Amino acid sequence: MKLTKRTQVAIIGAGPSGLLLGALLHRAGIDNIILERQSPSYVLSRIRAGILEQVTVDLLHEAGVGFGVDTHGTVHHSIELVFKNERHPIDVSSLTGGKVVTAYGQTEVTKDLMDHRALSELETVYEAADVTLHDYDSSNPSITYKVGNETHTLQADFIAGCDGFHGVCRASVPKNSIQEYEKVYPFGWLGILADVPPVSPHAIVYANSDRGFALCSMRSMTRSRYYVQCPMDDKVESWSDDLFWEELKKRLDPELASQIVTGPSIEKSIAPLRSFVAEPMRFGRLFLAGDAAHIVPPTGAKGLNLAATDVKYLSTAFIEYYKEKSSAGIDNYSTRCLKRIWRAERFSWWLTSLMHRFPDTGGFGQKVQEGELDYLVHSQALSTSLAENYVGLPLNFGE
């Protein structure tokens, strides 16, 4: 049996970018349906980023989903850099005219958006199989998919590809129509999530050591996220909780190491580090957003935030199209997004290069990093550059 529906915007992917786009469009009176190949529980099980720029927090409020981050998020005014066994605070708030970032897990953002969509009685099709795009380069795009044994067709004015790096949307574009840029780093991050208080409740700690990089982050005042740099061929099973905590402490300054509260991990994984950008981000009536179009190393905490700003630009473009009968936003979407994306890629690459131990640079590379870090913490100009990129550049920066 074949069933046909119609909507104004078909969104593929029910992660935070797809859900946020759906919420913003709904608030503007634009009909949308979301298709997701996984189950809701699977989507919520993905452990991802947890640092939100003010732009992202503002977008959650704009979408009507700001209560959670206001109630349970933790504002950070500074970051701390550790090198040569010493810790150096950088007050990003004072360097940026009062801007901050907020610690609030991507899982919580996704749940807030899911709950909002359910309360708004908006349609989301989970476990949609065999999703296939048709005629997206025409004025009548459509999507076919299966739920159980039934085949469905979804007709739409536009298709928004918010389905991640491995999704169907970018893969549906002919290879000669898209240019991909990629850098794969020769190491990964071993991360654990634990129900222990954060070692630094109001700052993210970045550590550079001759043993490799480490990061101390948090999800709440009772749940922490910690990482250590590791070889890509490491196995999670090789790292006991005790071994992880021991290694983490060796990469921090002695005072901070002594303050670490340890506990059993509730999640442990190794994530590769990659920079990736696909250009352009529009193909007829198909638009890519978020991880479908770009990946950044997690060092700069830009992944979710870049996805959110893609969605802001895209929702604004659709609203202009339907409300003002203007296609200017649609036509400029890719160019506008890519300017911001490449700035974030540059920042994430720079911070990754500054903080990690690279296998081919040896002791000289370590000394150069320490020299740059010493300059960074003593230079207001460079500290300001770090701070303004960390809290997020304004949406209209450079326009």
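The values are calculated or read from the model by the stated rules, or taken from the named source; none is laboratory data. Just so we're clear, the structure is a prediction, and the values are computed from it rather than from any experiment. Note that each Cβ is placed from the backbone with ideal geometry, even for glycine, and that neighbours are counted across all protein chains shown.
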Residue count, segment 264-285, condition aliphatic (A, V, I, L, M) and over 19 Å from the mean Cα position of the chain (by Cα), comes to 1
Across segment 378-392, what is the number of residues that are assigned to a loop (DSSP other than H, G, I, E, B) and buried (at least 18 other Cβ atoms within 10 Å of the Cβ)? 1
Could you grab me the full set of residues in segment 145-194 that are of a type in the set (Phe, Trp, Tyr) and under 20 Å from the mean Cα position of the chain (by Cα)? Phe165, Tyr181, Tyr185, Phe187, Trp189
Does segment 246-263 hold any residues that are acidic (Asp, Glu), crowded, with 17+ Cβ neighbours inside 10 Å and more than 27 Å from the chain's Cα centre (by Cα), and which are they? Asp253
Return the pair list, or none, for Cβ contacts closer than 8 Å from residues in segment 70-82 that are under 19 Å from Thr299 (Cα atoms) to residues that are part of a loop (DSSP other than H, G, I, E, B) and β-branched (Val, Ile, Thr), at least 6 apart or on different chains. Val75/Val100; His76/Val100; His77/Val100
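With Ala49, Ala10, Ala63 as the choices, which residue is closer than 28 Å to Arg285 by Cα and touching a Pro at 6+ places or on another chain (Cβ under 9 Å)?
Only one candidate passes the filter, namely Ala10.
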Please tell me if Leu95 is outside the structural domain of Ser224 (by TED's automatic domain parsing), within 30 Å of His356 (Cβ to Cβ) and at pLDDT 95 or above. yes
For segment 207-292, please list each of the strands (runs of 3 or more DSSP E) lying entirely inside it that holds at least 2 residues being of a type in the set (Gly, Ala, Ser). 214-220, 265-279
Tell me which helices (runs of 4 or more DSSP H) are completely within segment 66-129 and hold 3 or more residues being of a type in the set (Gly, Ala, Ser) and more than 20 Å from Pro40 (Cβ to Cβ), or say none if there are none. none
Considering each of Ile192, Ile266, Ile204, Ile178 in turn, give the residue that is in contact with a His (Cβ under 9 Å, 6 or more places away or on another chain) and either surrounded by fewer than 19 Cβ atoms within 10 Å (Cβ to Cβ) or β-branched (Val, Ile, Thr) (or both). Ile204
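Residue-by-condition table, conditions (1) farther than 29 Å from Leu3 by Cα; (2) without any contact (Cβ under 8 Å) to a residue 24 or more places away in the chain; (3) touching a Ser or Thr at 6+ places or on another chain (Cβ under 9 Å):
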| site | (1), (2), (3) |
| --- | --- |
| Ser94 | yes, yes, yes |
| Asp112 | yes, no, no |
| Leu119 | no, yes, no |
| Ser138 | no, no, no |
| Val173 | no, no, no |
| Leu190 | yes, no, yes |
State yes or no: is Ser353 among the polar types (S, T, N, Q), at pLDDT 95 or above, closer than 28 Å to Leu190 by Cα and touching a Ser or Thr at 6+ places or on another chain (Cβ under 8 Å)? no
Kindly indicate whether Thr316 is farther than 14 Å from Ala160 by Cα, in contact (Cβ under 8 Å) with a residue 12 or more places away in the chain and of a type in the set (Val, Ile, Thr). no
Conditions (1) assigned to a loop (DSSP other than H, G, I, E, B); (2) farther than 30 Å from His72 by Cα; (3) not charged (D, E, K, R): number failed by Thr144: (1)
Given (1) more than 18 Å from Ile79 (Cβ to Cβ); (2) in contact (Cβ under 8 Å) with a residue 60 or more places away in the chain; (3) in a helix (DSSP H, G or I); (4) of a type in the set (A, V, I, L, M, F, W, C), index of the condition Leu373 fails: (1)
Go through segment 108-123 and report how many residues are crowded, with 19+ Cβ neighbours inside 10 Å and either touching a Lys or Arg at 6+ places or on another chain (Cβ under 6 Å) or more than 19 Å from Ala10 (Cβ to Cβ) (or both). 4
